[in-house]
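Here's the structure we're looking at; comments come further down.
The values are calculated or read from the model by the stated rules, or taken from the named source; none is laboratory data. A quick note: this is a predicted structure, and the numbers were derived from the prediction, not measured. So basically every Cβ, Gly included, is an ideal-geometry build from the backbone, and we count neighbours across all protein chains shown.
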Amino acid sequence: MLINKGGVKIERVFAVTTPELLQEPEFRRTYQIHVDMGASIRLLPIDQLSLWSRNALDDFILFDDELLYEVTKLSGIRSSGTPQYQTRITLDESRVERKRELFAEIWGVGTAPT
């Protein structure tokens with residue numbers, strides 16, 4: 001329980017595009033790592049989100065509701081065929097607030113794993 005020892009609270013939402021994803025070995029490994037760390041977890045069927053939320057759904061982390069770390073897939077693809085990503089860290093209050101609201105919606109729609 002690494003998280004509990006440090007007094008850190010982590011809430012993780014796994015976006016689920018298909019029910020089959022839950023049985024894939026890579027997903028199961030990632031999920032188990034989070035469980036072992038003591039993270040609170042929700043599963044989120046993408047089709048239950050509002051259209052706005054689906055369009056805004058990139059990978060992001062909020063630290064203490066003040067610092068935002070975002071990873072966004074860029075539209076271009078390298079000649080090697082691998083996608084490109086942009087990473088951004090910001091303290092911009094309005095951007096952080098939008099992501100805080102998005103996370104609250106995502107968390108509320110998500111369900112605890114059984």
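Observations on the structure shown:
- Members of region 99-114 found to be in contact (Cβ under 8 Å) with a residue 24 or more places away in the chain and either at positive phi or among the hydroxyl-bearing types (S, T, Y) (or both), listed by number: T111
- Every residue from region 46-69 that is surrounded by 15 or more Cβ atoms within 10 Å (Cβ to Cβ) and at pLDDT below 90: L49, S53, A56, L57, F60, L62
- A search for C-beta distances below 7 Å between a residue of region 82-98 that is on the phi < 0 side of the Ramachandran plot and of a type outside the set (D, E, K, R) and any residue that is at pLDDT below 90 and exposed (fewer than 10 other Cβ atoms within 10 Å of the Cβ), counting only pairs 6+ apart in sequence or on different chains, returns Q84/G76; Q84/R78.
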